[in-house]
Amino acid sequence: MDPKNLYKYREHCEKIKLCCHKNVNRIVEMMVKHKDQPKPLVHDLGHYLKHCVVLEKLCEYLASAVCNLDRVSNHCHRELMDQCHMMGQVCKRLIAKMPKKDAEYVRCKVMMDLCQGKKHKKTMKKH
């Protein structure tokens, strides 16, 4: 991967990591708020929480790899893409099931945009 793209890649990972980090407490709050709702909603919130924790740590590792190794392995890149894909699916389900205000509170749309790389499409491509 071109060094210029590596640093954009790291910046993008940092944005995902920060969004995930900020979301954890909000998701737990929504799980408590919606505990009496149908089980699939709480189940999807649990999946969202899990994906946020995994993505946060994965992005932390990838940012470190960029800084310390000046490279990102194909396996790590693929794992990020897979995790982002699963995150997008969970977010779509939550947007469909939750009140709009709650979905905005847990940043479903923001997370989907980050995971789809709308503004960073080129940095998310494997080179």
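The values are calculated or read from the model by the stated rules, or taken from the named source; none is laboratory data. Remember, it's a predicted structure, so these values are computed and weren't measured experimentally. Methodologically, a virtual Cβ is constructed for each residue, glycine included, from the backbone with ideal geometry; neighbour enumeration extends over all protein chains shown.
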**Message:** Taking the conditions exactly as written (modelled with pLDDT of 90 or more and either under 24 Å from Arg26 (Cα atoms) or surrounded by fewer than 13 Cβ atoms within 10 Å (Cβ to Cβ) (or both)), does Lys126 satisfy them or not?
**Reply:** no
**Asked** For Cys108, which of the numbered conditions (1) closer than 25 Å to Glu11 by Cβ; (2) surrounded by fewer than 19 Cβ atoms within 10 Å (Cβ to Cβ) fails to hold?
**Response** (2)
**Request:** Return only the number of the condition from (1) under 18 Å from the mean Cα position of the chain (by Cα); (2) surrounded by 15 or more Cβ atoms within 10 Å (Cβ to Cβ); (3) not aliphatic (A, V, I, L, M) that Lys57 does not satisfy.
**Result:** (2)
**Asked** Residue check: is Met81 at pLDDT below 95 and assigned to a helix (DSSP H, G or I)?
**Response** yes
**Selection within the range 56-72 - in contact with a Leu (Cβ under 8 Å, 6 or more places away or on another chain) and not in a loop (DSSP other than H, G, I, E, B)** = Leu58, Cys59, Leu62, Val66
**Prompt:** Of (1) in a loop (DSSP other than H, G, I, E, B); (2) crowded, with 18+ Cβ neighbours inside 10 Å, Gln37 satisfies all except one. Which?
**Reply:** (2)
